[in-house]
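First comes the structure, then the notes that go with it.
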Amino acid sequence: MARIDALLRAARSQIGGHLESGEAEWLLAHLLGQSRGWLYAHGDHELDAEVAASFDALLARRVAGEPVAYLTGHRGFWHFDLQVTPATLIPRPETELLVELALARLPAGRVLRVADLGTGSGAIALAIAHERPLAQVVATDASAAALDVARANAQALGLGNIAFREGDWCAPLVDEVFDLIASNPPYLADDDDHLGRGDLRFEPRSALASGPDGLEAFRAIARDAPRHLHPGGWLLFEHGWDQGDAVRAVLDAAGFIDVQTAPDLAQRDRISFGRRAA
Ligand code: GLN
């Protein structure tokens, strides 16, 4: 038997330097199916040896680098608690800005068609489908395993206005036309050092890297998207903080107009977008 407060104290003193603040609490709360608040209120609660051993095993995996979101199987995004697995990228807070910029271009109360290319856990498609119940959303991914996760998330949220389709970028859109296409595609160069660091080591490489300059997915999507957009329809991309110029150039070259970049909360280039010429 071990008390919760003693277990957490031991975790912090033994391996605290390897963990972000609060991670030990997060993992124990997950293991017990309780909130972190519950842990603080029940410090004197005794856990049996098996639970303590499972906690140690989770801590060891975290110290070895596995992302917390994969260890718990969840990550918060928008107003949701999404299921994530190693088949999907872990949703990032920056992507909520992409959702906000998309919603600003999608009037409520109208039937709209929206596509999310490379949906991963479904983050973008789910948020748009939730905020625009009249929209018909198509979410694509080349990974069947990722689509299974996205589908499970849609089901858990009771969202019926999303269709999931397997395939590369615009290919599963067939001959359909949309009001808006959004994508947070892979955008690191194949030899980017970041691929060997932190959480990225555990995330699917196909969700992270895109050719020698990291721009291949943007080029492929921008090339095919005009055929799948109404005149005036929007294409929005999330990208790296140093890719604003390059992504605007890709959009310009593909004939998009009103091309702009929006900064994230840290004032770094993050989302670039343009509209199909009439
Ligand atoms: N669209 C998903 C997200 O924003 C996945 C992105 C990706 O795998 N590159 O989380």
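Please specify each residue of the range 89-104 satisfying the condition of being in a helix (DSSP H, G or I) and open to solvent by less than 10 Å² (accessible area, probe 1.4 Å). Passing the criteria: 95, 98, 99, 102.
Only residues that are open to solvent by 40 Å² or more (accessible area, probe 1.4 Å) and closer than 21 Å to residue 105 by Cβ were counted in the range 256-273, giving 6. You will find that of 179, 264, the residue that is acidic (Asp, Glu) and in contact with a helix residue (DSSP H, G or I) (Cβ under 6 Å, 6 or more places away or on another chain) is 264 and no other.
Looking only at the range 164-215, residues that are part of a strand (DSSP E or B), hydrophobic (A, V, I, L, M, F, W, C) and either surrounded by fewer than 17 Cβ atoms within 10 Å (Cβ to Cβ) or without any contact (Cβ under 8 Å) to a residue 24 or more places away in the chain (or both) come to 1 in all. Out of 86, 107, one residue alone is within 14 Å of the ligand (Cβ to nearest atom) and open to solvent by 50 Å² or more (accessible area, probe 1.4 Å). It is 86. When the range 49-83 is filtered for residues that are part of a loop (DSSP other than H, G, I, E, B) and within 16 Å of the ligand (Cβ to nearest atom), the ones remaining, listed by number, are 67, 73, 78, 79. Do we have any residue at all in the range 137-144 that's buried (at least 19 other Cβ atoms within 10 Å of the Cβ), closer than 26 Å to residue 218 by Cβ and away from the ligand (no atom under 15 Å from the Cβ)? The answer is no, given that none of the residues of the range 137-144 is buried (at least 19 other Cβ atoms within 10 Å of the Cβ), closer than 26 Å to residue 218 by Cβ and away from the ligand (no atom under 15 Å from the Cβ). Just one residue in the set 134, 159 is assigned to a loop (DSSP other than H, G, I, E, B), away from the ligand (no atom under 13 Å from the Cβ) and under 23 Å from residue 73 (Cα atoms); that residue is 159. Being touching a Phe, Trp or Tyr at 6+ places or on another chain (Cβ under 8 Å) and either among the small types (Gly, Ala, Ser) or in a loop (DSSP other than H, G, I, E, B) (or both) is a description that applies to residue 233.
The values are calculated or read from the model by the stated rules, or taken from the named source; none is laboratory data. Source: prediction; values computed, not measured. Neighbour counts run over all protein chains shown; Cβ positions are idealised from the backbone, glycine included. Quick note on the areas: whole protein, heavy atoms, side chains included, nothing else; ligands and nucleic acids left out. Shrake-Rupley method; radii C 1.70, N 1.55, O 1.52, S 1.80 Å.
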